1. Using only Cα atoms and rounding to the nearest 10 degrees, what angle (0 to 90) does helix 166-180 make with the longest principal axis of the chain?
2. Counting each DSSP H run of 4 or more residues in the chain as -39500 (n - 2.57), what helix-only mean residue ellipticity at 222 nm follows after dividing by all residues, to the nearest 500 deg cm²/dmol?
3. Which residues' amide hydrogens lie under 5 Å from the amide hydrogen of residue 120, considering only partners 5 or more residues apart or on another chain, with H built in the peptide plane?
4. Could you work out the relative contact order of the chain, using alpha carbon pairs under 8 angstrom and six or more residues apart, expressed as a whole percent?
5. For the chain, just list the percent of Cα-Cα distances falling in each 10 Å bin from zero outward, please.
6. Have a look at 68, 129, 111 and tell me which one the Gaussian network model of the chain (Cα, springs below 10 Å) gives the largest fluctuation.
7. Out of 171, 45, 17, any idea which swings most in a Gaussian network model of the chain, alpha carbons joined below 10 Å?
8. Checking the table 42/178; 42/86; 42/167; 147/167 against a 20 Å threshold on Cα-Cα, which pairs fail?
Amino acid sequence: MDQHPERIGRKLIHNGAIVDIYQDRMQLPDGSEENFDFIKHKGAAAVVPVLDDGRIVMVRQYRNAIDSYTLEIPAGGLNGADEPTKVAAHRELEEETGYRADIKDVEFLISLYTTVAFCNEKIDIYVASNLTKTCQHLDDDEFIDVKIFTIEELTQKIFDGEIVDAKTIAALLAYRTKISSK
């Protein structure tokens, strides 16, 4: 199929703190027109924090969208479109977990789009090593418990349905693949 849908209009429905919601008017390859929902996200970064003994530092927090607690890797939005994702991942590591790494010990792992059907949120995911314990610097609306697991325990939690966050699943499985191929 050489033709693809073409956006012929965009209307801002809601301007939010994290996302903007639009209704796009699209002309489809057959000439018909349809409305598509589009959520514009500012971008994000996440990190797999690895302790010297190989265990991984995770965060447990309440997520309103699913009305449940989740077990995730630390992550957060960019502080502006120009902020490098590596800097954001480095910042979120200490803010959410109370562990710090030198920026040189934060290495790129993978990039992913979270929900390609209606949102442009892209997350760059890093691995942090040589961690030092400090203290959490949580935002006013964050209440996060820090948990530590082996990669084997986390993999089992994925397949048991205890870890349901897509970025966390992708990051942990990518990290496990990376360390097993060394």
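Quick note: the coordinates plus some simple rules give every number you see, no bench work behind them. Just so it is clear, the model here is predicted, and its values are computed rather than measured. Neighbour counts are summed over all protein chains in view; Cβ atoms, including those assigned to glycine, are modelled from backbone coordinates with ideal geometry.
1. The angle comes out at about 50 degrees.
2. Values: 3 runs with 37 residues, N = 182.
My calculation for the chain gives -6500 deg cm²/dmol from helical runs alone.
3. 39, 41
4. That works out to 22 percent.
5. Calculated P(r), rounded to whole percents: 9, 33, 31, 16, 9, 1.
6. 68
7. Of the options given, 17 has the highest mean-square fluctuation.
8. Exceeds cut-off: 42/178.
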